[in-house]
1. Pop the C-beta distance of Ser57 and Thr16 into the FRET formula with R0 = 25 Å and round what comes out to the nearest 0.05.
2. Exactly which GluC sites (Glu not before Pro) in region 1-77 are in a DSSP loop and have at most 15 other Cβ atoms within 10 Å?
3. Go through Tyr40, Leu17, Ala61 and say which Cα lies farthest out towards the positive end of the charge dipole of the chain; charges sit on Cβ, +1 for Lys and Arg, -1 for Asp and Glu.
4. In square angstrom, what is the accessible area per residue of the chain with a 1.4 angstrom probe?
5. Taking the Cα centre of the chain as origin, work out the dipole magnitude from +1 charges on Lys and Arg Cβ and -1 charges on Asp and Glu Cβ, in debye rounded to 20.
6. Using Cα centres only, tell me the gap between region 11-28 and region 34-91 in whole Å.
7. Using only the alpha carbons of the chain, what is the convex hull's orientation-averaged projected area in square nanometres?
8. If you take the square roots of the eigenvalues of the alpha-carbon gyration tensor of region 41-91 and sort them as a ≥ b ≥ c, do you get rounded (a/c under 1.5), prolate (a/b over b/c) or oblate?
Amino acid sequence: MTKEKYTYIVKCSDDTLYTGWTVSLKNRIKAHNSGKGAKYTRARRPVELVYYEVLSSKSEAMKREAAIKKLTRLKKLSLIEKHKKEGPNSK
């Protein structure tokens with residue numbers, strides 16, 4: 001059985017957005033909020049999970065992370081809004 005991978009976006013306390021990938025959303029958000037996550041989020045805590053996608057492989061998750069990071073802030077916010085209405089994997 002393959003463990004699911006996630007690509008996610010968190011909103012930082014300064015209203016910026018951070019995109020990453022993980023195998024455990026719960027643990028990764030906990031790491032970000034304890035200061036043990038990404039260097040970017042350490043000074044921008046707390047973070048709030050605002051978007052995620054479930055993917056089947058590390059490769060897919062990393063590719064999707066890269067694609068999301070290339071989006072403008074406006075397009076990321078649109079993705080987040082669509083996710084709120086339709087749920088995960090509503091690209």
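1. 0.35
2. Answer in residue order: Glu4.
3. About the Cα centre, the residue reaching furthest to the positive side is Tyr40.
4. Heavy-atom accessible area per residue stands at 63 Å².
5. 220
6. With region 11-28 and region 34-91 each reduced to a Cα centre, they are spaced 7 Å.
7. Mean projected area for the chain: 5.7 nm², to one decimal.
8. In terms of gyration-tensor shape, rounded.
The values are calculated or read from the model by the stated rules, or taken from the named source; none is laboratory data. Given the structure is predicted, the values throughout are model-derived calculations rather than measurements. Counting neighbours? That spans all protein chains shown, and the Cβs are built from the backbone with ideal geometry, glycine included. Protein only, heavy atoms only, side chains kept; ligands, DNA and RNA dropped before computing areas. Shrake-Rupley method; radii C 1.70, N 1.55, O 1.52, S 1.80 Å.
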